[in-house]
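Enquirer: Have a look at the structure that comes next, please.
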Amino acid sequence: MPKPILTIKNLSKKYGENVIFQDLSLTVNEGDTIVIIGPSGTGKSTLLRCVNLLTRPNEGQIWLDDMEITAKGTDEDQVRQHIGMVFQNFLLFNHLTALDNVKLGLTKVKKMSDEAATRKAMRELTRVGLADRANHYPGQLSGGQQQRVGIARALAMDPRVMLFDEPTSALDPELIGEVLEVMRQLALDGMTMLVVTHEMGFAREVADRIVFMEKGFIVEEGSPDEMFNHPKFPRTREFLWKITELYGKKDKDA
Amino acid sequence: MLTWLGYFGRFGQNFLRGAGITLELTAVGLAIGFVLGLLLALARCFGPKWLQKLAGAYIAIFRGTPLLVQLFIIYYGLPEIGIAFSQSTAAYLALGLNSAAYQAEYLRGSINAIGAAQMQAGRAIGLSKWQAIGYVILPQALRLALPSWSNEPISLLKTTAIVFLIAVQDLMAEGKRAATTTFDFVGAYLAIAVVYLLMVFALDALLKFIERKTAIPGMDIETQR
């Protein structure tokens, strides 16, 4: 019996009259990689931000393991420690070196000693292949390297689940591979991941399940094989075809 | 008649003492203004609505009225309701309270420029709001503010000259004394003008030095351009 880490139930989010998504339910099991795809403006990013409590849903519940994190009185800072977030624009702390970016949460949130935090941070930087860039500032790193530091920063907190919000969308094409490679390795290591991306190659190869969202609803979800080869809805087929055409020619005929 | 250079021989000691007091006024006023200005900026950016309004009102009032009026209210007005300050305390207060309003605006601008995204990134790793402000927002915002904020110490140093009106013995007061002693107004005031100018040059060099020292590697390419 797979163990759910993240359970989203009947979640709704609106800004005033503007409904972002409605009545959305999704379960992420331990070790799963779930890829969310869909046109822009569909509420994918907002969904991730709700999970991380960076914004509050209007209705519905989210559980992390057995704890309802949307309950009143939840210690948000406590919850966020257990949920790693990787942003589209990296959002590294520009005034800190790669090492200090990764260390900040360890020393200030986890209250680790400087020495222990340095050891842990170096391990995470090694994991994303950037041990030799530890003392570089974000401004001295390429986009792909910055995003890998962003991943290391989130990993350092030993999160239960990692959220990726279009982690490669701001990258030059030749830098996308190194970031996807790190994510692929994470998935293999058994990390639980919820990924919003347009990288169909990654989705097809790494995802346990693909969720297709449109206009605030989950249109269809299933295994990569189901979604790519026998989608139930014509809209899914159409979108996948279009996005594959745009982002990864080689996947189309595979 | 003395040439203006000659003033330094005759009044050099006095000018030096006056310049010391001018620097002291600048430093204390700047410090009070910075601490209060930072609090005002934080209140405006992150405080509850009522505090934002309060900070906004403070800034509007202290930027909207002449410093001299503020100085006179503090020195001559407040004693009438039982709050009396010495000349130098009144001068420190007026300069500090006034400078705070300007410094708050410099800092608010750069805090906003660092933006909500950096705040989210900080919160995402579990930092509390005030931890994120302290460790993520401010270290970047203060650096970003530095070039424009550098106007404030320089402007304040020259503004201190008005405190001679409540008989604080600053450089301006020494210049006035030299002028009334010799009746050579051009020479005396030219002489202290030179002293002010030298202090501003030194201050400017110091600020540039701080700017260089605090520059973030990798980001400096932009500022050097």
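Enquirer: Reachable aspartates and glutamates from A:Lys3, Cα under 20 Å, same-chain residues fewer than 8 places away excluded?
Expert: Qualifying aspartates and glutamates at Cα under 20 Å: A:Glu30, A:Asp32, A:Asp65, A:Asp66, A:Glu68, A:Asp158, A:Asp189, A:Asp208, A:Glu221.
Enquirer: Let me ask you something else. Determine the shielding of peptide A:137-149 by partner chains: average, over its residues, the number of Cβ atoms on other chains within 10 angstrom of each Cβ. If you can, show how the numbers build up before the last one.
Expert: On the way: counts 5, 4, 7, 5, 1, 0, 0, 0, 0, 0, 0, 0, 0.
Mean inter-chain Cβ contacts per residue within 10 Å come to 2.
Enquirer: Something else now. Please build a GNM for chain A, connecting alpha carbons under 10 Å apart, and tell me which residue among A:Asn101, A:Asn89, A:Asn135 fluctuates the most.
Expert: A:Asn135
Enquirer: Ok, one more. Picking from A:Ile20, A:His230, A:Ile34, whose Cα lies most toward the positive end of the charge dipole for the protein assembly as shown (charges on Cβ: Lys, Arg +1; Asp, Glu -1)?
Expert: Comparing the listed Cα positions along the dipole, A:Ile20 ranks first.
Enquirer: By how many degrees, between 0 and 90 and to the nearest 10, does the Cα long axis of helix A:143-155 differ from the longest principal axis of chain A?
Expert: Helix A:143-155 sits at roughly 80 degrees to that axis.
Enquirer: Also, quick follow-up: Rounded to the nearest 500 deg cm²/dmol, what is the calculated helix-only ellipticity per residue at 222 nm for chain B, with -39500 (n - 2.57) per DSSP H run of length n ≥ 4? Walk me through the intermediate numbers first.
Expert: Numbers: 10 runs with 173 residues, N = 225.
So the calculated ellipticity at 222 nm is -26000 deg cm²/dmol.
Enquirer: Could I ask something else about it? If we count other beta carbons within 10 Å of each Cβ, what is the order of A:Ile243, B:Ile61, fewest first? Don't skip to the answer; put the middle values down first.
Expert: Working: A:Ile243 18, B:Ile61 12.
Listed from fewest to most nearby Cβ atoms, that is B:Ile61, A:Ile243.
Enquirer: Near B:Lys213, which aspartates and glutamates are there with a Cα under 20 Å away, not counting those fewer than 8 places off in the same chain?
Expert: A:Asp100, B:Glu152, B:Asp204, B:Glu222
Enquirer: Please say if region B:115-225 is rounded, prolate or oblate, where rounded means a/c under 1.5 for a ≥ b ≥ c the square roots of the C-alpha gyration tensor eigenvalues, and otherwise the choice is prolate for a/b larger than b/c and oblate otherwise? Don't skip to the answer; put the middle values down first.
Expert: Details: a/c = 5.54, a/b = 2.59, b/c = 2.13.
Because a/c hits 1.5 or more and a/b exceeds b/c, region B:115-225 counts as prolate.
Enquirer: Shifting gears a bit: Among B:Ser128, B:Ser99, B:Ser148, which one shows the highest mean-square fluctuation when chain B is modelled as a Gaussian network with alpha-carbon springs under 10 Å?
Expert: In this elastic network of chain B, the residue with the biggest mean-square fluctuation among B:Ser128, B:Ser99, B:Ser148 is B:Ser128.
Enquirer: Which of the chymotrypsin sites (Phe, Trp or Tyr not before Pro) across region B:151-194 are loop residues per DSSP, with 12 or fewer other Cβ within 10 Å? Each step should come with its number before you reach the end.
Expert: Working: sites: B:Phe164, B:Phe183, B:Phe185, B:Tyr189; in loops: B:Phe183.
In loop regions of region B:151-194 (DSSP not H, G, I, E or B), the sparsely surrounded chymotrypsin sites (Phe, Trp or Tyr not before Pro) are B:Phe183.
Enquirer: Compute the angle between helix B:185-214 and the longest alpha-carbon principal axis of chain B, please, reported from 0 to 90 degrees and rounded to the nearest 10.
Expert: That works out to roughly 20 degrees.
Enquirer: Something else about it: If packing is taken as the average number of other Cβ atoms within 10 Å across a peptide's residues, how do A:178-186, A:42-50 rank, most packed first?
Expert: Numbers: A:178-186: 19.4, A:42-50: 23.3.
So the peptides A:178-186, A:42-50, ranked by packing, come out A:42-50, A:178-186.
Enquirer: By the scheme Lys and Arg +1, Asp and Glu -1, what is the net charge of all other residues having a beta-carbon under 14 Å from that of B:Arg177? Don't skip to the answer; put the middle values down first.
Expert: Working: positive: B:Arg10, B:Arg17, B:Lys176; negative: B:Asp170, B:Glu174, B:Asp184.
Result for the local shell: 0.
Enquirer: Let me check the size of the protein assembly as shown from its C-alpha atoms; what are the radius of gyration and Dmax in Å?
Expert: In order Rg, Dmax, the Cα atoms of the protein assembly as shown give 29.9, 103 Å.
Enquirer: Taking amide hydrogens as modeled 1.01 Å from N in the peptide plane, which residues meet the under 5 Å criterion relative to A:Glu220, leaving out close sequence neighbours?
Expert: So A:Glu220 has HN proximity to A:Phe212.
Enquirer: Convex hull over the Cα atoms of region A:101-242, averaged projected area in nm²? Walk me through the numbers on the way to the answer.
Expert: On the way: hull surface 38.7 nm².
Average of the hull's projected areas for region A:101-242 equals 9.7 nm².
Enquirer: If you average 1/r over all unlike Cα pairs in region A:11-135 and invert the result, what Kirkwood radius do you get in angstrom?
Expert: Its Kirkwood hydrodynamic radius stands at 16.8 Å.
Enquirer: Same structure again: For chain B, what is the per residue volume of the convex hull drawn over the alpha-carbon atoms, in cubic angstrom? Show your work: numbers first, answer last.
Expert: Values: hull volume 33.0 nm³, N = 225.
Per residue, the Cα convex hull of chain B comes to 147 Å³.
Enquirer: In addition: Placing unit charges on C-beta atoms (Lys and Arg positive, Asp and Glu negative, everything else neutral), compute the dipole magnitude of the protein assembly as shown about its Cα centre in debye, rounded to 20.
Expert: Numbers: 49 positive and 47 negative charges, 207 e Å.
Dipole of the protein assembly as shown, to the nearest 20 debye: 1000 debye.
Enquirer: Give me the inter-chain shielding for A:87-98: mean count of other chain Cβ atoms within 10 Å, whole number please.
Expert: Details: counts 4, 1, 2, 2, 9, 2, 10, 10, 15, 5, 3, 0.
Shielding by partners across A:87-98 averages 5.
Enquirer: Does anyone have the angle between helix B:87-124 and the longest principal axis of chain B? Alpha-carbon axes, 0 to 90°, nearest 10?
Expert: Result, in degrees: 20.
Enquirer: Let me ask something else about it. Hey, fewest Cβ within 10 Å first, where do A:Asp75, A:Asp100 land in order? List each step's numbers first, then the result.
Expert: Numbers: A:Asp75 12, A:Asp100 19.
Ascending number of Cβ neighbours within 10 Å: A:Asp75, A:Asp100.
Enquirer: Of the listed pairs A:Lys72/A:Lys215; A:Lys120/B:Lys208; A:Lys110/A:Lys215; A:Lys9/B:Lys129; A:Lys9/A:Lys111, which have alpha-carbon separations greater than 30 Å here? Could you put the intermediate results ahead of the total?
Expert: Values: A:Lys72/A:Lys215 28 Å; A:Lys120/B:Lys208 37 Å; A:Lys110/A:Lys215 39 Å; A:Lys9/B:Lys129 28 Å; A:Lys9/A:Lys111 33 Å.
Table pairs above 30 Å Cα-Cα are A:Lys120/B:Lys208; A:Lys110/A:Lys215; A:Lys9/A:Lys111.
Enquirer: How shielded is A:104-112 by partner chains, expressed as the average number of their Cβ atoms within 10 Å of its Cβ atoms? Let's see the in-between values first.
Expert: Numbers: counts 8, 7, 1, 1, 10, 6, 2, 0, 0.
Whole-number average of other-chain Cβ neighbours for A:104-112 is 4.
Enquirer: Could I ask something else about it? As an exercise, identify the trypsin sites (Lys or Arg not before Pro) in region A:69-130 lying in DSSP coil whose Cβ has no more than 15 other Cβ atoms within 10 Å.
Expert: Numbers: sites: A:Lys72, A:Arg80, A:Lys103, A:Lys108, A:Lys110, A:Lys111, A:Arg119, A:Lys120, A:Arg123, A:Arg127; in loops: A:Lys72, A:Lys110, A:Lys111.
Here the trypsin sites (Lys or Arg not before Pro) that fit, given the DSSP loop and packing criteria, are A:Lys72, A:Lys111.
Coordinate-derived values only; no laboratory data. These numbers come from a predicted model, not from an experiment. Backbone-built Cβ (ideal geometry, glycine too); neighbour counts: all protein chains shown.
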